[in-house]
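Visitor: To start, I am sharing the structure in question, which I have written as structure tokens.
Throughout, read-outs are computed from the coordinates displayed, never taken from laboratory work. Worth saying up front: this structure is predicted, and the values here are computed from it rather than measured. Cβ placement follows ideal geometry from the backbone for every residue including glycine, while neighbour counts extend to all protein chains displayed.
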Amino acid sequence: MSAWQLTGGSGQDFRLYMLDGMTLIEAQGNTFEGERPAYQKGDKRYSRIFAEL
């Protein structure tokens with residue numbers, strides 16, 4: 001999964017996450033105004049895109 005990282009050692013940016021290693025996932029309720037920097041709808045780096053928000 002590609003998602004926007006809010007906090008962490010490497011700062012804010014899009015990151016790739018492996019879903020099979022995730023546990024205890026919890027929605028935080030954060031919202032964004034507009035698209036994130038560097039967002040590319042239909043990004044060609046991915047062979048399949050299931051949803052784009």
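Visitor: Of (1) exposed (fewer than 10 other Cβ atoms within 10 Å of the Cβ); (2) not in a loop (DSSP other than H, G, I, E, B), ALA3 satisfies all except one. Which?
Guide: (1)
Visitor: What's the number of the condition ASP43 fails, among (1) without any contact (Cβ under 8 Å) to a residue 12 or more places away in the chain; (2) out of contact with any Lys or Arg (no Cβ under 9 Å at 6 or more places or on another chain)?
Guide: Of everything listed in (1) without any contact (Cβ under 8 Å) to a residue 12 or more places away in the chain; (2) out of contact with any Lys or Arg (no Cβ under 9 Å at 6 or more places or on another chain), ASP43 misses just condition (1).
Visitor: Output yes when any residue across the range 24-43 is surrounded by fewer than 11 Cβ atoms within 10 Å (Cβ to Cβ), charged (D, E, K, R) and not in a loop (DSSP other than H, G, I, E, B), and no when none is.
Guide: No, the range 24-43 has no match at all.
Visitor: Which of the residues belonging to the range 1-16 are among the hydroxyl-bearing types (Ser, Thr, Tyr) and within 19 Å of GLU35 (Cβ to Cβ)?
Guide: Result: SER2, single match.
Visitor: If you don't mind, there's one more thing I want to ask. Consider PHE14 against the criteria (1) assigned to a loop (DSSP other than H, G, I, E, B); (2) surrounded by 10 or more Cβ atoms within 10 Å (Cβ to Cβ); (3) not polar (S, T, N, Q): it satisfies all of them except one. Which criterion is unmet?
Guide: The one condition PHE14 does not meet is (1).
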